[in-house]
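Undergrad: Quick one: structure below, then a few questions.
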Amino acid sequence: MKIPAFIINYNRLSLPQKMAEFISNNNDIELYIIDNKSTYEPLLDWYNDCPYNVIKMDDNYGHTVFWDHGLYAKYVKRGMYILSDSDLDLSSIPNDWLDVLIEGHNRYDYEKVGFSLETDDLPESHFRNEIVAWESQFKTPKARRLDDLYTEAHIDTTFALHKTNGHGIYSSIRVNKPYTARHIPWYYTDFETLPDDEKFYFNTVKTSTLWSRQFNKTT
């Protein structure tokens, strides 16, 4: 039986396209995109032609849509599943990533196992220091390193393999390099240089995020 994987998306096109291609290259995955009532026409056109399962919600329910609207019971029922936001670059992660995530569950009793996040190459921005300070707690000697590959670290809805129907950030571990993703909004510094779909996203998103606040400061 294939492991279901869910990408939560709203008004983004290029990033979920690349993520979907990366994830679906693994034959053990059944991919779903949860769309929070997007309005970006090129994205809606892509949904009509893409080879993936698209779950269209009737409103924008945010990052907790999977748990708040019974999608686990409908699409998973039992067993492991992958859940992620749609704003990651996964292109540098080795092809055996699914085996490594499963092995993390086999070794340790945590609710989810996910990728680590790159911070060494972040550009200067209003929030760079805040991001680095938060992430450094999971990379310093004080972090709970379980072994050479796995470290106890918080995960919200960043890419992870889950084994329970529950949402929390604490019972989770991350896989160390080279299983490291880039959270692309951390690399944004100038609104005018963003792709069209990202401009549309930031112009339509209603919740305040670190990155939308940065653009409010810089534009």
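The values are calculated or read from the model by the stated rules, or taken from the named source; none is laboratory data. A quick note: this is a predicted structure, and the numbers were derived from the prediction, not measured. Cβ coordinates were reconstructed from backbone atoms using ideal geometry, including for glycine residues, and neighbour counts include every protein chain displayed.
Undergrad: Say we look at region 171-205 and pick out the residues that are touching a strand residue (DSSP E or B) at 6+ places or on another chain (Cβ under 9 Å) and either of a type in the set (A, V, I, L, M, F, W, C) or assigned to a loop (DSSP other than H, G, I, E, B) (or both); which of these is nearest to Tyr40 (Cα to Cα)?
TA: Among residues in region 171-205 that are touching a strand residue (DSSP E or B) at 6+ places or on another chain (Cβ under 9 Å) and either of a type in the set (A, V, I, L, M, F, W, C) or assigned to a loop (DSSP other than H, G, I, E, B) (or both), the one nearest to Tyr40 (Cα to Cα) is Ile184.
Undergrad: Still on this model: Within region 56-79, count every residue that is touching a helix residue (DSSP H, G or I) at 6+ places or on another chain (Cβ under 7 Å), not in a helix (DSSP H, G or I) and not hydroxyl-bearing (Ser, Thr, Tyr).
TA: Going through region 56-79 one residue at a time, the tally reaches 1.
Undergrad: Any idea which of Tyr52, Tyr40, Tyr32, Tyr47 is more than 24 Å from His162 (Cβ to Cβ), hydroxyl-bearing (Ser, Thr, Tyr) and in contact with a Leu (Cβ under 9 Å, 6 or more places away or on another chain)?
TA: On the way: Tyr52 fails: more than 24 Å from His162 (Cβ to Cβ); Tyr32 fails: more than 24 Å from His162 (Cβ to Cβ); Tyr47 fails: in contact with a Leu (Cβ under 9 Å, 6 or more places away or on another chain).
Answer to the check: Tyr40.
Undergrad: Still on this structure, please answer the following. Restricting to region 1-44, count the residues that are in a loop (DSSP other than H, G, I, E, B) and among the aliphatic types (A, V, I, L, M).
TA: Let us first name the residues in region 1-44 that are in a loop (DSSP other than H, G, I, E, B), namely 1-2, 10-13, 25-28, 36-40.
Okay, now just the ones that are also among the aliphatic types (A, V, I, L, M), so 1, 13.
Residues that pass the stated criteria total 2.
Undergrad: From the list Phe115, Phe138, which residue is surrounded by 19 or more Cβ atoms within 10 Å (Cβ to Cβ), in contact with a Phe, Trp or Tyr (Cβ under 6 Å, 6 or more places away or on another chain) and under 20 Å from Lys177 (Cα atoms)?
TA: Unique residue meeting the criteria: Phe115.
Undergrad: If I go through region 37-51 residue by residue, how many of them are aromatic (Phe, Trp, Tyr) and within 13 Å of Tyr201 (Cα to Cα)?
TA: 1
Undergrad: Can you confirm whether Ile29 is among the aliphatic types (A, V, I, L, M), closer than 23 Å to Val100 by Cβ and in contact with a Lys or Arg (Cβ under 7 Å, 6 or more places away or on another chain)?
TA: Values: among the aliphatic types (A, V, I, L, M): yes; closer than 23 Å to Val100 by Cβ: yes; in contact with a Lys or Arg (Cβ under 7 Å, 6 or more places away or on another chain): yes.
Yes, satisfied.
Undergrad: Against the condition at negative phi and at pLDDT below 95, how does Pro94 come out, does it pass?
TA: So Pro94 does not fit the description; no.
Undergrad: OK, next. Inside region 71-91, can you point out the residues that are more than 19 Å from Asp156 (Cα to Cα) and under 15 Å from the mean Cα position of the chain (by Cα)?
TA: Matches in region 71-91: Ser91 only.
Undergrad: A further question on this structure: State which residue pairs qualify: first residue closer than 13 Å to Cys50 by Cα and without any contact (Cβ under 8 Å) to a residue 12 or more places away in the chain and inside region 1-23, second residue surrounded by fewer than 24 Cβ atoms within 10 Å (Cβ to Cβ) and among the small types (Gly, Ala, Ser) in any location, beta carbons under 9 Å apart, and separation of 6 or more residues or different chains.
TA: Sorted first by the residue in region 1-23, then by its partner, the list stays empty.
Undergrad: Pull up region 1-42, narrow it to residues that are touching a Gly at 6+ places or on another chain (Cβ under 8 Å) and surrounded by 15 or more Cβ atoms within 10 Å (Cβ to Cβ), then point me to the one that is farthest from Ile82 (Cα to Cα).
TA: Taking region 1-42 as the starting set, the residues that turn out to be touching a Gly at 6+ places or on another chain (Cβ under 8 Å) are 1, 3, 36.
Right, trim to surrounded by 15 or more Cβ atoms within 10 Å (Cβ to Cβ) and you get 3, 36.
On the way: Ile3: 7, Asn36: 18 Å.
Here the residue is Asn36.
Here's the yes/no breakdown for (1) in contact with a strand residue (DSSP E or B) (Cβ under 7 Å, 6 or more places away or on another chain); (2) basic (Lys, Arg); (3) farther than 23 Å from Thr180 by Cβ:
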{"residue": "Ser24", "(1), (2), (3)": "yes, no, no"}
{"residue": "Tyr61", "(1), (2), (3)": "no, no, yes"}
{"residue": "Lys74", "(1), (2), (3)": "no, yes, yes"}
{"residue": "Asp87", "(1), (2), (3)": "yes, no, no"}
